[in-house]
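The values are calculated or read from the model by the stated rules, or taken from the named source; none is laboratory data. Treat the numbers as computed from the prediction; the structure is a model and nothing was measured. Cβ placement follows ideal geometry from the backbone for every residue including glycine, while neighbour counts extend to all protein chains displayed. These area figures cover heavy atoms from the full protein model, side chains too; ligands, DNA and RNA do not enter into them. Shrake-Rupley method; radii C 1.70, N 1.55, O 1.52, S 1.80 Å.
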There are 6 protein chains.
Amino acid sequence: MKVTVSRKAQFNAAHRLYNPNWSFEKNDEVFGKCNNPNYHGHNYQLIVSVKGTIDPETGYVIDMKDLKALIKEHVEDVFDHRNLNLDTEDFKELNPTAENIAVVIWNKLRPHLKSELELKVVLYETERNFVEFEG
Amino acid sequence: MKVTVSRKAQFNAAHRLYNPNWSFEKNDEVFGKCNNPNYHGHNYQLIVSVKGTIDPETGYVIDMKDLKALIKEHVEDVFDHRNLNLDTEDFKELNPTAENIAVVIWNKLRPHLKSELELKVVLYETERNFVEFEG
Amino acid sequence: MKVTVSRKAQFNAAHRLYNPNWSFEKNDEVFGKCNNPNYHGHNYQLIVSVKGTIDPETGYVIDMKDLKALIKEHVEDVFDHRNLNLDTEDFKELNPTAENIAVVIWNKLRPHLKSELELKVVLYETERNFVEFEG
Amino acid sequence: MKVTVSRKAQFNAAHRLYNPNWSFEKNDEVFGKCNNPNYHGHNYQLIVSVKGTIDPETGYVIDMKDLKALIKEHVEDVFDHRNLNLDTEDFKELNPTAENIAVVIWNKLRPHLKSELELKVVLYETERNFVEFEG
Amino acid sequence: MKVTVSRKAQFNAAHRLYNPNWSFEKNDEVFGKCNNPNYHGHNYQLIVSVKGTIDPETGYVIDMKDLKALIKEHVEDVFDHRNLNLDTEDFKELNPTAENIAVVIWNKLRPHLKSELELKVVLYETERNFVEFEG
Amino acid sequence: MKVTVSRKAQFNAAHRLYNPNWSFEKNDEVFGKCNNPNYHGHNYQLIVSVKGTIDPETGYVIDMKDLKALIKEHVEDVFDHRNLNLDTEDFKELNPTAENIAVVIWNKLRPHLKSELELKVVLYETERNFVEFEG
């Protein structure tokens, strides 16, 4: 009898999409205005979901305060009000598409959750575009 | 060829989180301000999803009016404008965490749906915290 | 390592629910005010989700611009500001319930996506009623 | 010391925009796809706001249950699941633009409110287009 | 040249509507299920708006961090996870309707803002019911 | 008899808040993490409202298609996927706070609207922070 518990968070960041192995023209063709060398930015909305059994003592799968603190420490404090390409180690060599950001966040959170808990990450880049990763 | 049909509903209720087998200090440590003995409250947002095959006569998996009526009778009429701890049988002995409320709602609705239909319940306690139960 | 990429879209359409093999009375009994012979309408909100592996060159599962263009060509240009019963081939003989519209949209999009990509369609008929189809 | 009290509601309707004194070509030029002779439709979101002084006995400007009932009787029961052009007296001779619908709703509600209360109507035709009328 | 700056916040509280000078029957007739003696509750959404001239040095009307801190100290820390009737001085003798709560919040914040700034408070009791007070 | 017509739009941009006449320390003290020299970014949500009388021929205050085109040409095409500090003339010498951006947008749109129309601009920097300017 497993329940999924989800917590929403947000971070505001700048980024640029491009592949350093390609010419500027090729990058422009593929990434369009997302390839602006001066960067653009987003309010990223994040939903972190954890699935597991309910602890009969507390009625919790995971304490939401703990989940909130994990997201703050490992995601918000690292990405919020940052330039993803310049200010983070994660995207020094990795293109910060929504897909890659979701995978990076999943990998940051996974080690801090008990192994019997399942983890899913949903990331909204805009109100109309979002991605989902479950490992 | 199965389609999932979902209906949103809402109920406004008071509750308090605590374990009667623990001291007030232990409850305070675990549940923090949710342990306020005078209660606090939420606008609970509920999404009930039913998965099944489309009836070729009607084009429906389930008539949304029937699903709405089931939710009203078995959830809203029981929980809306109530104190979950004091006014309901369900949480006399069960801590009304979002996880437990979702399971209780699932158990209330399950007997009223045909056995070939699958049931999922999503419950938002706040805009940022929500849980999901599929049985 | 698969990621799901989703895009939201919208179309505004008129429709009427009824079964031409039934009497008006039977239709009224089953479909109620949705059976109004002069039609009513909705702002349909659509979420199209595509699941696949991330292309290491681009960091994309699918280019969101391509997905947006597919939805425009095969859904919005066909359904937006139309009467689903009168102006489309799809619902000449098929009752335009949310369930059937979701299946029709899925069938319209499926041939235009690579076979290794999984497709899911979510369709909101109103803020409180929505359906989901994954093939 | 005046407070404004607002209530949200919704109705789903079909409509067509055109001026019967114009040619089809002129209507098409001005109203584009909104001129579809077979109609299209919307989920209209309505916000009715009433401004007045707080009754010290109740703490209410107006009982929300009364405001909800007024909106149901004079707006929802008249417009919901209707074709605005064909099924209502209001738009027999009046083009059902969002602007005109908002004015019509204001005029329907005004006589049922005490004269010392101020009335404002906001009407969303889509998530991105809305209008506002205060008399 | 004045600009209005707004900040959203939230608090979750229990309350009961009744007039201690009335019989239980009269309270029930007027306040219905809101008169439940065991309380019910809401996620109150708050929007605090401050209007003034832009400081040419900072480009701010008011520093959003300061506005956020004022709301936390004077509203959230006082009302969040509380029973408005039992746990606050403000509603010991005042019926905690949305109207009265909005006026109380306005009065709490007004002294902490420079006199040349205008203040408005919007309070959502539910997604569909909200009130507004500008002094 | 005036009606207000509103249109929502969006642009995604990078920016940095700072005053070039101040030391880095002073900027850090005032603008905190918004002073990141590598920029951060937002999904700016924009609501443009135009108030005027209804044209009896069309039933429109302003054709929403024209308002949408004005916003695209004068706001989205200039700010979307740009770095406000580096890529625009407007913020070469002006701090791109939400307040200043709203005033700049108002000034860009005002000359393109008939003088008898009133203009208001609402700008959301995040879901929780927004500003409003009416000239």
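Once the range B:61-73 is narrowed to residues that are among the β-branched types (V, I, T) and more than 9 Å from chain C (Cβ to nearest Cβ), the residue that is farthest from B:K108 (Cα to Cα) is B:I62. Condition first: in contact with a helix residue (DSSP H, G or I) (Cβ under 8 Å, 6 or more places away or on another chain), of a type outside the set (D, E) and without any contact (Cβ under 8 Å) to a residue 40 or more places away in the chain. Can you find one or more residues in the range D:109-122 that meet it? No: zero hits.
Taking A:V3, is it modelled with pLDDT of 95 or more, hydrophobic (A, V, I, L, M, F, W, C), closer than 30 Å to B:T126 by Cα and open to solvent by 30 Å² or more (accessible area, probe 1.4 Å)?
no
Conditions tested, residue by residue: (1) of a type outside the set (A, V, I, L, M); (2) within 25 Å of B:E57 (Cα to Cα).
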| position | (1), (2) |
| --- | --- |
| C:I54 | no, no |
| C:M64 | no, no |
| C:L70 | no, no |
| C:L84 | no, yes |
| C:E89 | yes, yes |
| C:K114 | yes, no |
| C:L119 | no, no |
| C:L123 | no, yes |
| C:F130 | yes, yes |
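Scanning the range E:106-135 for residues that are among the hydrophobic types (A, V, I, L, M, F, W, C) and within 12 Å of chain D (Cβ to nearest Cβ) returns E:W106, E:V121, E:V122, E:L123, E:F130, E:V131, E:F133. With respect to being without any contact (Cβ under 8 Å) to a residue 12 or more places away in the chain and under 27 Å from D:D63 (Cβ atoms), E:E29 fits the description. Within the bounds of the range F:115-133, is there any residue that is closer than 22 Å to E:G52 by Cα and of a type in the set (G, A, S)? No, the range F:115-133 has no match at all. If you check B:G41, B:G32 for being over 19 Å from the mean Cα position of the chain (by Cα), within 14 Å of chain E (Cβ to nearest Cβ), within 27 Å of E:A13 (Cα to Cα) and small (G, A, S), only one passes: B:G32.
When the residues of the range B:14-24 are narrowed to those that are touching a Phe, Trp or Tyr at 6+ places or on another chain (Cβ under 7 Å) and assigned to a loop (DSSP other than H, G, I, E, B), which ends up least open to solvent (accessible area, probe 1.4 Å)? Ranking the candidates gives B:L17 first. In this structure, E:T58 qualifies as hydroxyl-bearing (S, T, Y), away from chain D (no Cβ under 14 Å) and over 30 Å from B:L123 (Cβ atoms). Screening E:E99 with (1) more than 8 Å from chain D (Cβ to nearest Cβ); (2) under 9 Å from the mean Cα position of the chain (by Cα) gives one miss only, at (1).
Answer with yes or no whether B:V131 is out of contact with any Leu (no Cβ under 7 Å at 6 or more places or on another chain), open to solvent by less than 20 Å² (accessible area, probe 1.4 Å) and in contact (Cβ under 8 Å) with a residue 12 or more places away in the chain. Criteria not met by B:V131.
Could you list all residues from the range E:36-55 that are closer than 18 Å to F:L123 by Cβ and in contact with a strand residue (DSSP E or B) (Cβ under 7 Å, 6 or more places away or on another chain)? Answer for the range E:36-55, where residues must be closer than 18 Å to F:L123 by Cβ and in contact with a strand residue (DSSP E or B) (Cβ under 7 Å, 6 or more places away or on another chain): E:I47, E:V48, E:S49, E:V50, E:K51, E:G52, E:T53, E:I54. Of all residues in the range A:77-92, those that are in contact (Cβ under 8 Å) with a residue 12 or more places away in the chain and away from every other protein chain (no Cβ under 11 Å) total 2. Do we have D:F11 as buried (at least 21 other Cβ atoms within 10 Å of the Cβ), within 26 Å of C:N36 (Cβ to Cβ), in contact (Cβ under 8 Å) with a residue 12 or more places away in the chain and under 17 Å from the mean Cα position of the chain (by Cα) here? Yes, satisfied.
Just to be sure, is F:V131 within 23 Å of D:F133 (Cβ to Cβ), at pLDDT 95 or above and in a strand (DSSP E or B)? Break it down into steps so the answer makes sense when it comes.
Values: within 23 Å of D:F133 (Cβ to Cβ): no; at pLDDT 95 or above: yes; in a strand (DSSP E or B): yes.
Judged against the criteria, F:V131 is not a match.
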